[in-house]
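K.L.:
Take this structure, written in structure tokens, and hold onto it; I'll ask about it next.
The values are calculated or read from the model by the stated rules, or taken from the named source; none is laboratory data. Quick caveat, the model's predicted, so the values are computed rather than measured. Here Cβ is always computed from backbone atoms with ideal geometry, including for glycine, and neighbour counts include all displayed protein chains.
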Amino acid sequence: MKNVTEVTMFILMGFTNNFEVQVFLFLLFLEIYLFTLIGNLGMVLLVTRDSRLHNPMYYFISVLSFLDACYSSVVTPKMLVNFLKENKAISYLGCVAQMFLFVTFGTTECFLLAAMAYDRYVAIYDPLLYSVSMSPRVYVSLIIASYVGGILHASIHTVATFSLSFCASNEIRHVFCDIPPLLAISCSDTHINQLLLFYFVGSIEIVTILIVLVSYGFILLAILRMHSAEGRRKVFSTCGSHLTGVSIYHGTILFMYVRPSSSYALDHDMIVSTFYTIVIPMLNPIIYSLRNKDVKEAMKRVFGKNGV
């Protein structure tokens, strides 16, 4: 059997070798990362501490916030260290772990966003049956299923990618161990890997986006039947934030992975993947909290009570 571990480490080439630019990027991404952790973990704390937010919608948001904090933490700390180091190496096993966790959290978020759309559909289209249709057993099962789906998807791509040989080069033109740049430096035939990436990511995107579209189709019907302007405003506020998050996240995923491998431009893709890995987790607390009256009031109760 051919040895598949010809290299013992990889070099993450990053954005630039210019030290002044790297210092600027270090400060910029450090600020984004701290804001991401504070915003997302603060949301988890808020939902945990305030009993008025103890319902499925906010449980889903707290799980999303936890995912975003983990998602960003898989990539950002290593990237920040590399900005200030000449040696930008990551061990072979470190690269395996980083890619596995990155794909796990990213895929779990796709499934979770679909579950959140279904939750809003049940709450708005058939509110009288909401407590039955979205019981603790149901929403916990949806959360667990999202994680299981993410782990299975990550396992497939991790095994497939690191079964390849990396004898030609160990320099990854990226800031973390993502699938396309790893395939680009392999000296093996990556045709099967490209097909797996296209079809698995494409299938997950189609299924989850369809769930979102169908759910919001029924929500639109429910809105048209509403006579209360206040009710419509509240629905638009709640659902608008979710649709914004879904659109930004799925748009970047589709651009990155569901296209022919011949169209990959690694330098350009590195910027896009940095956006959805580092910037989007920072934006989600803003999207889901600033437009939400219940969250604002909970912040006053929880953080105001503690003198924050």
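K.L.:
Restricting to segment 146-165, count the residues that are surrounded by fewer than 17 Cβ atoms within 10 Å (Cβ to Cβ), out of contact with any Lys or Arg (no Cβ under 8 Å at 6 or more places or on another chain) and not in a helix (DSSP H, G or I).
P.N.:
Going through segment 146-165 one residue at a time, the tally reaches 1.
K.L.:
Out of Ser262, Ser241, which single residue is in a helix (DSSP H, G or I), surrounded by fewer than 12 Cβ atoms within 10 Å (Cβ to Cβ) and modelled with pLDDT under 75?
P.N.:
Ser262
K.L.:
Find all pairs meeting these conditions: Cβ atoms under 9 angstrom apart; at least six residues apart or on different chains; first residue within segment 78-102 and among the basic types (Lys, Arg); second residue exposed (fewer than 15 other Cβ atoms within 10 Å of the Cβ).
P.N.:
Filtered contacts from segment 78-102: Lys78/Gly94; Lys88/Val81.
K.L.:
Still on this model: With the requirement that a residue be part of a helix (DSSP H, G or I) and of a type in the set (Gly, Ala, Ser), what does segment 182-195 give you?
P.N.:
Answer for segment 182-195, where residues must be part of a helix (DSSP H, G or I) and of a type in the set (Gly, Ala, Ser): just Ala184.
K.L.:
To continue, here is another question. Of everything in segment 274-308 that's modelled with pLDDT under 75 and of a type in the set (Lys, Arg), which residue is farthest from Ile32 (Cα to Cα)?
P.N.:
Only one residue fits best here, namely Lys305.
K.L.:
When the residues of segment 184-196 are filtered to those that are touching a helix residue (DSSP H, G or I) at 6+ places or on another chain (Cβ under 9 Å) and at pLDDT below 90, which remaining residue is nearest to Phe15 (Cα to Cα)?
P.N.:
Ala184
K.L.:
So Phe198 passes all but one of these: (1) in a helix (DSSP H, G or I); (2) in contact with an Asp or Glu (Cβ under 6 Å, 6 or more places away or on another chain). Which condition number does it fail?
P.N.:
Here Phe198 clears every test but (2).
K.L.:
Let me ask you something else. Being touching a residue at least 24 places away in the same chain (Cβ under 8 Å) and either more than 18 Å from Ile219 (Cβ to Cβ) or not in a helix (DSSP H, G or I) (or both), is that true of even one residue in segment 123-130?
P.N.:
Initially, segment 123-130 is screened for residues touching a residue at least 24 places away in the same chain (Cβ under 8 Å), giving 123-125.
Then drop every residue that is not either more than 18 Å from Ile219 (Cβ to Cβ) or not in a helix (DSSP H, G or I) (or both), which leaves none.
No; the residues of segment 123-130 include none that is touching a residue at least 24 places away in the same chain (Cβ under 8 Å) and either more than 18 Å from Ile219 (Cβ to Cβ) or not in a helix (DSSP H, G or I) (or both).
K.L.:
Picking from Ala117, Ala154, which residue would you name as being at pLDDT 95 or above, among the aliphatic types (A, V, I, L, M) and under 19 Å from Leu254 (Cβ atoms)?
P.N.:
Selected residue: Ala154, the only one of Ala117, Ala154 that is at pLDDT 95 or above, among the aliphatic types (A, V, I, L, M) and under 19 Å from Leu254 (Cβ atoms).
K.L.:
Can you list residue pairs whose Cβ atoms sit under 8 Å apart, with the first residue in segment 163-189 being under 25 Å from Ile278 (Cβ atoms) and the second being among the aromatic types (Phe, Trp, Tyr) and assigned to a loop (DSSP other than H, G, I, E, B)? Count only pairs 6 or more apart in sequence or on different chains.
P.N.:
Cβ pairs passing all conditions: Val175/Phe15; Pro180/Tyr264; Leu182/Phe166; Ala184/Tyr264; Ile185/Phe166.
K.L.:
Those residues that are outside any helix (DSSP H, G or I) and within 22 Å of Asp119 (Cβ to Cβ), I need them from segment 34-84; list them, please.
P.N.:
Of everything in segment 34-84, those that are outside any helix (DSSP H, G or I) and within 22 Å of Asp119 (Cβ to Cβ) turn out to be Asp50, His54, Asn55.
K.L.:
May I pose another question? Taking the options Pro77, Pro56, name whichever one is in contact with an Asp or Glu (Cβ under 8 Å, 6 or more places away or on another chain) and either at pLDDT 95 or above or surrounded by 12 or more Cβ atoms within 10 Å (Cβ to Cβ) (or both). Lay out the reasoning, then the answer.
P.N.:
Numbers: Pro77 fails: in contact with an Asp or Glu (Cβ under 8 Å, 6 or more places away or on another chain).
Going through Pro77, Pro56 in turn, the sole match is Pro56.
K.L.:
Also: Can you tell me which condition Val7 does not meet? The list is (1) touching a residue at least 24 places away in the same chain (Cβ under 8 Å); (2) under 21 Å from Met134 (Cα atoms), and all the others hold.
P.N.:
Every listed condition holds for Val7 apart from (2).
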